[in-house]
Structures are given as structure tokens and as C-alpha cells.
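Okay, so here's the structure we're looking at.
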Amino acid sequence: MTIDEKILAIWTADATATALVPASRFKVPGNWEDLARPYVIQYPISEKAFHAHNNSGAIQTLRIWEIYQLSVIADSYSSALAIAEKIRTVFNGNFSGVQFFYLGQRWIGQDQVVGTEHIAVEFKIAETLTA
């Protein structure tokens, strides 16, 4: 399972999260120009892999996403902020070997032509790789 699939699975497991942004509008990078709002786009910004010993003394492969951005696009700043805050609370802790560390959020700006607001929520994510 890829990191974006894991993130979507965590999001869809929370009914209050999918009430804000349905799973069908939680996307990976692409041309989502006509997607109904609000929606979230995942951006895997910076990744590195390394090896460490696990608690059994065996070599374990780990992947660290130094920055993993979830971009919220909504019709208003207040609705974008509510979704950004929900993202912060949903992705908190360890989910089956995927550890989330909240880095912060920032307002990117308003697209005055389309009338949307953009807030970026960033995490550092560590995941255990099986192969």
C-alpha cells in the first residue's frame, strides 16, 4: 500500500472527516480543475529511505517523508481552516507503522478568479517498509 493510499484509508476511517471532505475528493497530484469543493490534494514533497535495527535486532527499512503536504482548497477561509484543523487531529499518532508528526499549517492565499482559499497542512511522516 502506498503512502497516499494509507493516508486516504486513515481519512475514510473517520466519519466526521469524510463529512467535511468525502473520500472521492481526497486526491493525489493531478489536474483537478473542475473538482467540486472542498477538496484535499496530497503532495509528497521530500522523501528519504534508510535502514535501522528493529527491536528483534533485524534490519528494518524505513521511509521518512520530511515534508508531506495536504493542500485544502475550499470556497471560504473559514471552511478551509476547519478542514485543516480536522486534518491536524485525524493524522495524529501511529497508524499501523506509519507515524505522523504535525509540522504546521499556513495560508497559501486566495484565488480571486475562481474564488477559492488554499491552506497547506504539513507533516513529517515515518513509515516502516516491508520490502
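Between D34, D4, the distinction of being among the charged types (D, E, K, R) and loosely packed, with under 11 Cβ neighbours inside 10 Å belongs to D34 only. When I64, I41 are screened for being more than 26 Å from V113 (Cα to Cα), among the hydrophobic types (A, V, I, L, M, F, W, C) and either free of Cβ contacts under 8 Å to residues at least 40 places away in the same chain or in contact with a strand residue (DSSP E or B) (Cβ under 6 Å, 6 or more places away or on another chain) (or both), only I64 passes.
Scanning segment 77-91 for residues that are of a type outside the set (S, T, Y) and either more than 21 Å from T2 (Cβ to Cβ) or in contact with a Cys (Cβ under 9 Å, 6 or more places away or on another chain) (or both) gives A80, L81, A82, I83, A84, E85, K86, R88.
Residue by residue through segment 96-106, note down the ones that are under 14 Å from W65 (Cβ atoms) and part of a loop (DSSP other than H, G, I, E, B). Result: G97, single match.
The rows are residues; the columns are (1) in contact with an Asp or Glu (Cβ under 8 Å, 6 or more places away or on another chain); (2) more than 19 Å from F101 (Cβ to Cβ); (3) exposed (fewer than 14 other Cβ atoms within 10 Å of the Cβ); (4) modelled with pLDDT of 90 or more.
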| position | (1), (2), (3), (4) |
| --- | --- |
| A15 | no, yes, yes, yes |
| L20 | no, yes, no, yes |
| R25 | no, yes, no, yes |
| K48 | yes, no, yes, no |
| S56 | no, yes, yes, no |
| Q60 | no, no, no, no |
| R63 | yes, no, no, no |
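Residues in segment 19-74 that are assigned to a strand (DSSP E or B) and of a type in the set (S, T, Y): Y39, Y43, S46, T61, Y68, S71. Is there a residue being at positive phi, modelled with pLDDT under 95 and either surrounded by fewer than 11 Cβ atoms within 10 Å (Cβ to Cβ) or outside any strand (DSSP E or B) (or both) anywhere in segment 75-95? Checked segment 75-95: at least one residue is at positive phi, modelled with pLDDT under 95 and either surrounded by fewer than 11 Cβ atoms within 10 Å (Cβ to Cβ) or outside any strand (DSSP E or B) (or both). A9 meets the conditions (1) touching a strand residue (DSSP E or B) at 6+ places or on another chain (Cβ under 7 Å); (2) farther than 14 Å from K124 by Cβ; (3) surrounded by 12 or more Cβ atoms within 10 Å (Cβ to Cβ) in every case but one. The failed one is (1).
The values are calculated or read from the model by the stated rules, or taken from the named source; none is laboratory data. A quick note: this is a predicted structure, and the numbers were derived from the prediction, not measured. Using ideal geometry, Cβ is built from the backbone for each residue, glycine included, and neighbour counts are taken over all protein chains shown.
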